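The values are calculated or read from the model by the stated rules, or taken from the named source; none is laboratory data. Since the model is a prediction, treat every value here as computed from it, not as a measurement. Note: ideal-geometry Cβ built from the backbone for every residue, glycine included; neighbour counts use all protein chains shown. Side chains are part of the model used for accessible areas, which takes the heavy atoms of the whole protein and leaves out ligands, DNA and RNA. Shrake-Rupley method; radii C 1.70, N 1.55, O 1.52, S 1.80 Å.
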Amino acid sequence: MKRAAPLKGQQLTLLFDQPPPGPPARPSPPAAPGTRRLALGTFAVDYTLRRARRRSIGFTVDDRGLTVAAPRWVSLAEIEAAIAEKQRWIHRKLAEYRDWRARQPVHGASFVDGGTVPLLGRPLTLRLRPAARCTDRAGEAELHLALPASAGEAQVRDAVLSWLQAEARRVLGSRLQLLAARQQVQPRSWSLSSARTQWGTCTHDGHIRLNWRLVHFPLPVIDYVVAHELAHLQEMNHGPSFWRAVGRLLPGFEAARDEVRKLDLAALPI
Ligand SMILES: [Zn+2]
């Protein structure tokens with residue numbers, strides 16, 4: 001498989017002392033629980049305040065929005081004054097981040113109640129269900145996690161990760177079986193990988209490895225990667241006869257191949 005594109009900057013760490021150019025942006029939607037809102041004339045800035053051992057106020061923009069890190073001795077009024085002073089710059093960075101995120105093939109996961117993770121190209125909403133006995137799907141669009149309401153992001157992430165990996169084993173295994181039935185040569189064995197550089201590999205002795213993160217994407221993407229690795233059982237190169245083998249397994253694979261080439265494995269959230 002082709003190597004994934006390099007990691008893009010997902011996080012912008014902005015120092016308080018940087019200049020604030022750029023036009024103001026639109027007001028944001030209602031503040032999420034746990035965030036603070038500062039009204040500034042016609043707009044509002046939502047942010048999470050983090051008290052830190054540091055000498056200056058720092059601004060970070062990522063999937064959680066704006067996080068302000070401030071020394072313990074700085075008052076809330078002083079923090080709000082700093083935000084007001086840098087508001088144009090903050091709005092510009094938030095807009096830039098949103099644009100960057102919108103261009104990513106898979107939207108970011110957030111490991112909180114009501115957050116989402118992508119599954120087969122669709123968002124799966126996470127729900128903390130303290131009374132549940134185990135992590136389980138609830139209908140098409142929800143994943144119920146047997147965790148207390150107080151569970152932290154790391155705990156939620158771990159539960160989601162193990163569920164997604166089990167789901168990947170099931171889904172990828174069945175696609176591999178389905179597509180392998182279309183050719184003579186069979187894989188000797190297969191396993192999941194969690195490499196950050198490759199979607200799949202096929203060894204000379206017939207072992208196929210498939211990246212579990214494929215389960216984030218729609219089936220045509222998964223099928224292309226599976227067909228690609230299966231075709232390597234016949235041709236251990238990327239020559240014309242290799243691509244003919246891919247075409248026999250998966251007619252019309254080219255669109256999915258182009259899609260996979262655009263995916264950034266290193267930038268996935270989990
Ligand atoms: Zn290949």
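Here are some notes:
- Burial ranking of peptide ranges 229-241, 156-168 (average Cβ count within 10 Å, highest at the top): 156-168, 229-241
- About the centre of its Cα atoms, segment 116-164 shows a dipole size close to 60 debye [charges on the beta carbon of Lys, Arg (+1) and Asp, Glu (-1) only; nearest 20 debye].
- Stokes-Einstein D for segment 165-267, Kirkwood Rh over Cα pairs, 37 °C, 0.692 mPa s (µm²/s): 244 µm²/s
- The H on the amide N of residue 143, modeled in the peptide plane, is under 5 Å from the matching H of 125, 126, 127, 138, each at least 5 residues off or on a different chain.
- Amide H partners (placed H, <5 Å) of residue 119, local residues excluded: 124
- The residues packed around residue 73, meaning those with a beta-carbon under 14 Å from its beta-carbon, carry a net charge of +4 if Lys and Arg are +1 and Asp and Glu are -1.
- Per-peptide packing, taken as the mean over residues of other Cβ atoms within 10 Å, places 144-155, 83-94 in the sequence 83-94, 144-155 from highest down.
- For segment 148-224, the spread of Cα positions along each principal axis, largest first, Å: 52, 21, 18
- Note on residue 203: accessible area is roughly 50 Å² with a 1.4 Å probe, heavy atoms of protein only.
- Equivalent ellipsoid semi-axes - Cα gyration tensor, segment 116-164, angstrom: 17, 12, 9
- Surface per residue (accessible, 1.4 Å probe) for segment 167-270, Å²: 44 Å²
- Mean Cα-pair separation over length for segment 42-96, i.e. relative contact order, pairs under 8 Å, 6 or more apart, %: 31 percent
- Solvent-accessible area of segment 165-267 (1.4 angstrom probe, protein heavy atoms only): carbon and sulfur portion equals 51 percent.
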